[in-house]
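One structure is given below, encoded as structure tokens.
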Amino acid sequence: MSEVRLAAESRTEFGKGAARRTRRAGKIPAVLYGHGSDPKHLALPALEFARVVREHGQNAVLTLDVDSKSELALTKTVTTHPIKNYIEHVDLLLVQRGEKVSVEVPIVLTGDPAASTLVTQDLTTISVEVEALHIPEQIELSIEGAQAGTQITAADVKLPQGATLATDPEALVVAVNPAPTAQQLEGDTGEAPAAEEATEEEA
């Protein structure tokens, strides 16, 4: 993942009212912390940061130009309004070049399993430790031709070079099960109403 440069501003006002004023000005309230330094309260350009998240995911690494100084930061938490879907707040982690960080990376399934199977994905992300400037946007996991009974654990996922697994190696990622037959589906939907009818007749 390539780093992205953004111009940020220091914030001197805090609280809900100040955050609303920041957002009305087209900026996003953010906090930069890490490496034992005092947290820095920043304002990020809203449109530019939203584009970064769309193009690079929520593990984007930013070079922040603030107060005539550049800081390298990893996007740790993006808080979005539950209804209006705009970014309300961002937490950033100060990092150094060559430093390894722990991040959650999305798992994307590719390929088609064997016929008459049903795929269940228990984990949609996997935790890895990787150099800050080499965080993968996603990890692809092939289920091409997977037969019923196949179970893929975190240890089976092929990681990018330089990344190490932080998730429990035995954690189940994907299970491939036999698809239910038409008779089984009919049985699941047909037995309960019959029992209810019998109860009504007895009453």
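The values are calculated or read from the model by the stated rules, or taken from the named source; none is laboratory data. Just so it is clear, the structure is predicted and the values come from calculations on it, not from any experiment. Virtual Cβ from ideal backbone geometry, glycine too; neighbours counted across all protein chains shown.
Residues of region 56-88 that are more than 16 Å from residue 8 (Cβ to Cβ) and of a type in the set (A, V, I, L, M): 83 alone.
Tallying residues that are surrounded by fewer than 13 Cβ atoms within 10 Å (Cβ to Cβ) and either touching a residue at least 60 places away in the same chain (Cβ under 8 Å) or in contact with a helix residue (DSSP H, G or I) (Cβ under 9 Å, 6 or more places away or on another chain) (or both) within region 81-101 yields 4. For region 53-68, the candidate set comprises residues that are in contact (Cβ under 8 Å) with a residue 24 or more places away in the chain and surrounded by fewer than 16 Cβ atoms within 10 Å (Cβ to Cβ); within that set, the residue that is farthest from residue 98 (Cα to Cα) is 67. Taking region 103-114 as the range and being surrounded by 13 or more Cβ atoms within 10 Å (Cβ to Cβ) and among the small types (Gly, Ala, Ser) as the test, only 114 passes. A single entry from 78, 119 fulfils the requirement of being assigned to a strand (DSSP E or B), assigned by TED's automatic domain parsing to the domain that holds residue 171 and touching a residue at least 12 places away in the same chain (Cβ under 8 Å): 119. Within region 161-172, the set of residues being assigned to a strand (DSSP E or B) and farther than 12 Å from residue 127 by Cα comprises 172 only.
The condition (being surrounded by 15 or more Cβ atoms within 10 Å (Cβ to Cβ) and either outside any strand (DSSP E or B) or among the hydroxyl-bearing types (Ser, Thr, Tyr) (or both)) is satisfied by just one residue among 30, 43, 50: 50. Report yes if some residue within region 30-39 is under 30 Å from residue 161 (Cα atoms) and free of Cβ contacts under 8 Å to residues at least 40 places away in the same chain; otherwise report no. There is at least one residue in region 30-39 that is under 30 Å from residue 161 (Cα atoms) and free of Cβ contacts under 8 Å to residues at least 40 places away in the same chain. From the list 18, 7, 25, the lone residue that is of a type outside the set (Ser, Thr, Tyr), at pLDDT below 95, within 14 Å of residue 64 (Cα to Cα) and surrounded by fewer than 18 Cβ atoms within 10 Å (Cβ to Cβ) is 7. Scanning region 5-27 for residues that are touching a strand residue (DSSP E or B) at 6+ places or on another chain (Cβ under 6 Å) and in a helix (DSSP H, G or I) yields a total of 2. Selection within region 145-160: residues that are closer than 18 Å to residue 108 by Cα and either under 17 Å from the mean Cα position of the chain (by Cα) or part of a loop (DSSP other than H, G, I, E, B) (or both). The member of this set that is modelled with the lowest pLDDT is 160.
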